[in-house]
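**Student:** Sharing a structure with you now.
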Amino acid sequence: MSAPTNSYNRPNAPHVCGRARLWQKPCQMGPKPDGSCGGTSSCMPQKQGDRWRCRRSDALGGPCTEGPLPDGTCTHTRPPCSPGPSLRARRQRLTTAAAFLAIGILFAFGMAGGIGVDDGYASRDPGPLRAAHTSVMDDKGCKSCHAPHGEDATGFLLAAFSNTAPDAVANNKCLDCHVFDTLNTPHKANTCASCHSEHQGHDMPVSSMTDNQCNACHKKKVSSFSNDHPPFAKAYPHDRRTTINFDHTKHLDDYFKDQRYAENAPEGSCISCHDVSQASRAVPVRSFDQVCANCHVDQIPRRDLVLFEMPELAHNPIDTEELIDVCRANPELTQESEFYSVSTEIPNKLATLLFEMDANDIEGYTPAIGDILLQAIEDGPTAFETAIKDWDGNPARLLAGLSREVIRQASCAWAFNSEYDAPAPPDHGGWYADELSLRYKATSHGDPVMKAWLSFIAQLEEDDLTETLLTKDGPGACLACHAVSQADFLNVEWSPAPRPETANFSYDHGPHINLLGPGSQCETCHSLDKTINYGANFTSYDPTVYASGFKSMTLATCKECHGETKLASGCQTCHSYHGESGFKSRQFSEAAGDVNKKQGE
Amino acid sequence: MTVAPTRKRFMLPIVIFVLLCGGVWFWAQNVETVLGDPTWILGWILTASVILPSFFNLRKRLIAFNFGSASVWLTLHVASGIAAIILFVLHTDGIWPTGIYEQLMATLFAAITLTGLCGLWTQLVLPRRLTETGHEYVYEKIPGTVADLRDAARQAVKTYTEATGSELLSHHYEKSLDWYFARPRFFWNNVFGGNAAWAWANAHMIAIRRFADPLQSATIDSIENLVSTKVVVDQHYACQSVLKRWLLAHVPLSTAFLVVVAWHIVIVHVYAS
């Protein structure tokens, strides 16, 4: 391509001929560098001596015959065209515009203006937080989690060189609200963001772990629940006896079928006693009134607690003449005669312990009994209150409802060596006195005074008392069902004992019951072991030495559904990484305090 | 069926880069398995895979930066660009972002990917098609060529009319050939390899020959040659236009994307490093 026939066309040229853009023949010279038309004449004549010489190219026919005009301009002229930008130039313009547009958008949406967004953080905000986190950010905004930086550009950029991550080890903002057992757990991830990413929308679910992540650390690799899961413990899930001495086998097979009790037996199976509507980790038993009272409610008021029983005295320890007015007694009762004690009993064990008497030393305890009676006549229950306090008891709870008049009248009678002419025992229970004793009759199941006394007696851990009162024949018949167990101390188990928390494990009865139908398949997992005498478990105070009335569960039971089926059978189905977790209560109390403060203002 | 040399040139680097991405994916899985966070390293690898193609532009612009041939750079550009798609998915966990600027970034990346894949298709398909025409036309000279063909066609029609005294060919030229020679036609059909231009040309030439004076067959032959040449010129124009103009979208989008990427790097280091 020789120079005379080569046109101006170059890909790098910034402009193209306007005629070419209209699909006409472009001029040879092309646009000028400034973008104006360079083809208004066929050539640029050259002056040689005193003459102008035509320089039209060969491609256009060579030098013309007319030659240049006298002033040196070309004879052949035509109107100018409108050159346009070349492709390269257009690409450069678009590239520059795109860069500035991107900068402009970033600048507009947050770096300065915050156009169209309320918080002005749009170009710094990688996205909305989860709904739960949004609600706790309050007025702090980003500073709730991110370390603040300087307001100016320098401070902003300097922050890039410091550790500002919300979950930085040195200053983990997540732990301002979230609580984990970070000391006793073997699960110690470096950062929260390893699993929990934020700024991905209000409804973004919390990340869940995979089985591979569990197997990465655990020595025992479990490829699937049905193949490699270690067997359950031998007695699983029974690791201690229940707090109620309830023999399922005897009740279901004997009592409920006995014609004497059949009409009181609950209708249905397990769910007549267990409340499946409350099913979660356990399926709680319905209340005593709902499931036990039909048969057992009459046993409660039959056995009274005897607080004080007038014992046989060696002599009259009281100067009764001084009590004639106080007790409004017959003066004839004070006449001296040979003393025959109205009672022939020894002091009852509870009073013996409270007042620290020797029941076999009649000469020793007779003055003490006299003092008790005198104090009871003058101050009512004070004598007992003092003794209870000496044993670290709570007289307000233990003596709740004890009438000062009842104790005074009975004590007067006993002081004059007479039997107390007592009214009929109260129908609905409570404190009362009979001829020679001060008693408490339980009003109903869960009677607080009776429970307080039995708990107090257990707390004393005196063999004489526990062997006589903390038995199934004891007061209120409470311990016919409620177990007495020795853990750190002896106690009566009034409430169901929750199974000890198993770290990183959870089980919910609810979905299983809902899936299988209430009560329809309880026996699938909980099969009775009818060879066990469950009541024998309660002869000891140790709740862990026992034989369950149900057969142990095995993996096979679970595998029936969670084996090679579509049902979930991964590690996370039952196990969780964090185990027990929660929120710091102070976070909410502080928030509440702020609200209260604002309301006050 | 043999693989074209251009495709073969791209194949091996792409396979290598995809395998490297597989290795990165495997590494990231292992890190996540032990509860580590591969996001940062994935982010920097992704950044490198995005920056590397940009050097191809420098290679073309800067005389001093003449390391390696342009074809090698193009190959690296294509391979690392495809790797960037995989790395982007790994870096984001396949989740579409929800923040404004991150959505802008993701949208730009998607647009770059789309235009890039279109560009790759043009690089693989259109040059071969142009070679198959058997002619070469400089893109910038095509307007002049079209004008020359148009002038020649008009001259042939004029010759025919003067020789026969018939206005048959001149009327036909006004109704159809004038439209055809005015500028390149059948653009998208030529881009996608269609034969609409040839079909149109054959139909009109058959019609001319049916009614033309047999004694003027030489003139008719010359017009037919001009029409055939125009078909090839149109093919060149369409294919070369696409080969050049897809960059009008790809390059500006890439530039905007790099700006937002730079902002993203600053932001994550300020707030999350």
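A short reminder: the numbers here are calculations on the coordinates, not readings from a lab. Source: prediction; values computed, not measured. All Cβ positions, glycine included, derive from the backbone under ideal geometry; neighbour counts span all protein chains shown.
**Student:** Relative contact order for the range B:1-77: what percent, with Cα pairs under 8 Å and sequence separation of 6 or more?
**Tutor:** Reported relative contact order: 28 percent.
**Student:** Evaluate E = 1/(1 + (r/R0)^6) for A:Val169 and B:Ile51, where r is the Cβ-Cβ distance and R0 equals 25 Å; express this FRET efficiency to the nearest 0.05.
**Tutor:** Using R0 = 25 Å, I get an efficiency of 0.20.
**Student:** Can you tell me how much longer the chain between A:Glu501 and A:Ala547 gets when fully stretched, taken as 0.36 nm per residue apart minus their C-alpha distance, in nm with one decimal?
**Tutor:** 14.5 nm
**Student:** Averaging sequence separations of C-alpha pairs under 8 Å and six or more residues apart, then dividing by the length of chain A, give the relative contact order as a whole percent.
**Tutor:** With pairs under 8 Å counted, the relative contact order is 14 percent.
**Student:** If amide H atoms are built 1.01 Å from N in the plane of the peptide, which residues on other chains or at least 5 residues away come under 5 Å of the amide H of A:Phe550?
**Tutor:** So A:Phe550 has HN proximity to A:Asp529.
**Student:** Lys/Arg Cβ at +1, Asp/Glu Cβ at -1, dipole of the range B:1-113 taken about the Cα centre: which of B:Gly81, B:Ala110, B:Phe55 is farthest positive-ward?
**Tutor:** Of the options given, the answer is B:Phe55.
**Student:** Projected onto the charge dipole of the protein assembly as shown (+1 at Lys/Arg Cβ, -1 at Asp/Glu Cβ, origin at the Cα centre), which of A:Pro496, B:Phe181, A:Ser57 gives the Cα projection farthest towards the positive end?
**Tutor:** A:Ser57
**Student:** Something else about it: With the radius of gyration and the Kirkwood radius both derived from the Cα set of the range A:119-208, what is their ratio Rg to Rh?
**Tutor:** Expressed as Rg/Rh, it is 0.98.
**Student:** Rg and Dmax of the protein assembly as shown, Cα atoms, in Å?
**Tutor:** Using the Cα atoms of the protein assembly as shown, the pair Rg, Dmax is 51.3, 177 Å.
**Student:** Now for a different question. Looking only at other chains, what is the average number of their beta-carbon atoms within 10 angstrom of each beta-carbon in B:90-100?
**Tutor:** Mean number of neighbouring Cβ atoms from other chains: 5.
**Student:** Can I ask one more? Less than 12 Å apart at the alpha-carbon level, and either on another chain or at least 8 residues along: which aspartates and glutamates does that give for A:Lys257?
**Tutor:** Once the sequence-local aspartates and glutamates are set aside, what remains near A:Lys257 is A:Glu267.
**Student:** At 222 nm, what value in deg cm²/dmol follows for chain B if DSSP H runs of at least 4 each add -39500 (n - 2.57) and the sum is divided by all its residues, to the nearest 500?
**Tutor:** -27000 deg cm²/dmol
**Student:** Among rounded, prolate and oblate, which fits the range A:233-382 when a ≥ b ≥ c are the square roots of the eigenvalues of its C-alpha gyration tensor, a/c under 1.5 means rounded, and a/b larger than b/c means prolate?
**Tutor:** Here the range A:233-382 falls in the prolate category.
**Student:** How many angstrom separate the Cα center of the range B:47-69 from the Cα center of the range A:193-223?
**Tutor:** 40
**Student:** Given H placed 1.01 Å from N in the peptide plane, which residues other than close sequence neighbours of A:Arg53 have an amide H under 5 Å from its amide H?
**Tutor:** Correct list: A:Gln46, A:Lys47, A:Gln48.
**Student:** Once the convex hull of the alpha carbons of the range A:162-266 is built, what does its volume come to per residue, in cubic angstrom?
**Tutor:** Dividing the Cα hull volume of the range A:162-266 by its residue count gives 269 Å³.
**Student:** I've got another one for you. Reachable lysines from B:Lys230, Cα under 20 Å, same-chain residues fewer than 8 places away excluded?
**Tutor:** The reachable lysines, counting only those whose Cα sits under 20 Å from B:Lys230, are A:Lys25, B:Lys141, B:Lys158, B:Lys175.
**Student:** Can you give me the distance in nm between label points at A:Lys188 and A:Lys219, each placed 7 Å from the Cα along the Cα-to-Cβ direction?
**Tutor:** 1.8
**Student:** Once amide H atoms are placed 1.01 Å from N in the peptide plane, what residues at a sequence separation of 5 or more from A:Phe308, or on another chain, have their amide H within under 5 Å of its amide H?
**Tutor:** A:Leu438
**Student:** Quote to one decimal, in nm, the extra length available between B:Ala207 and B:Asn30 on full extension: 0.36 nm per residue of separation minus the C-alpha distance between them.
**Tutor:** Gain on stretching B:Ala207 to B:Asn30: 56.5 nm.
**Student:** Compute the longest continuous run of chain A that contains no exposed trypsin sites (Lys or Arg not before Pro); treat a site as exposed when its DSSP state is not H, G, I, E or B and it has at most 11 other Cβ atoms within 10 Å.
**Tutor:** A:329-565
**Student:** So, R0 is 56 Å and r is the distance between the beta-carbons of A:Ser197 and A:Asp421; what FRET efficiency does that work out to, to 0.05?
**Tutor:** With R0 = 56 Å, the Cβ-Cβ based efficiency is 0.10.
**Student:** Can you grab the distance from the C-alpha centre of the range A:397-440 to the C-alpha centre of the range A:495-571, Å, no decimals?
**Tutor:** Between the Cα centre of the range A:397-440 and that of the range A:495-571, the gap is 49 Å.
**Student:** Quick one: Cα centre-to-centre distance for the range A:339-363 and the range B:163-199, in angstrom?
**Tutor:** 134
**Student:** So what is the relative contact order of chain B, in percent, for Cα pairs below 8 Å that sit 6 or more residues apart?
**Tutor:** 21
**Student:** From zero outward in steps of 10 Å, how is the percent of C-alpha pairs of the range B:1-140 spread across the bins?
**Tutor:** Reading upward from the zero bin: 10, 33, 33, 17, 6, 1, 0.
**Student:** Pop a pseudo-label 7 angstrom from the Cα along the beta-carbon direction at both B:Ser228 and B:Leu58 and give the gap in nm to one decimal.
**Tutor:** About 5.0 nm separates the two model spin labels.
**Student:** If you add up the charges near A:Ala422, with Lys and Arg at +1 and Asp and Glu at -1, over every other residue whose beta carbon is less than 12 angstrom from its beta carbon, what do you get?
**Tutor:** -3
**Student:** Return the calculated 222 nm mean residue ellipticity for chain A, to the nearest 500 deg cm²/dmol, obtained by summing -39500 (n - 2.57) across DSSP H runs with n ≥ 4 and dividing by the residue count.
**Tutor:** -7500 deg cm²/dmol
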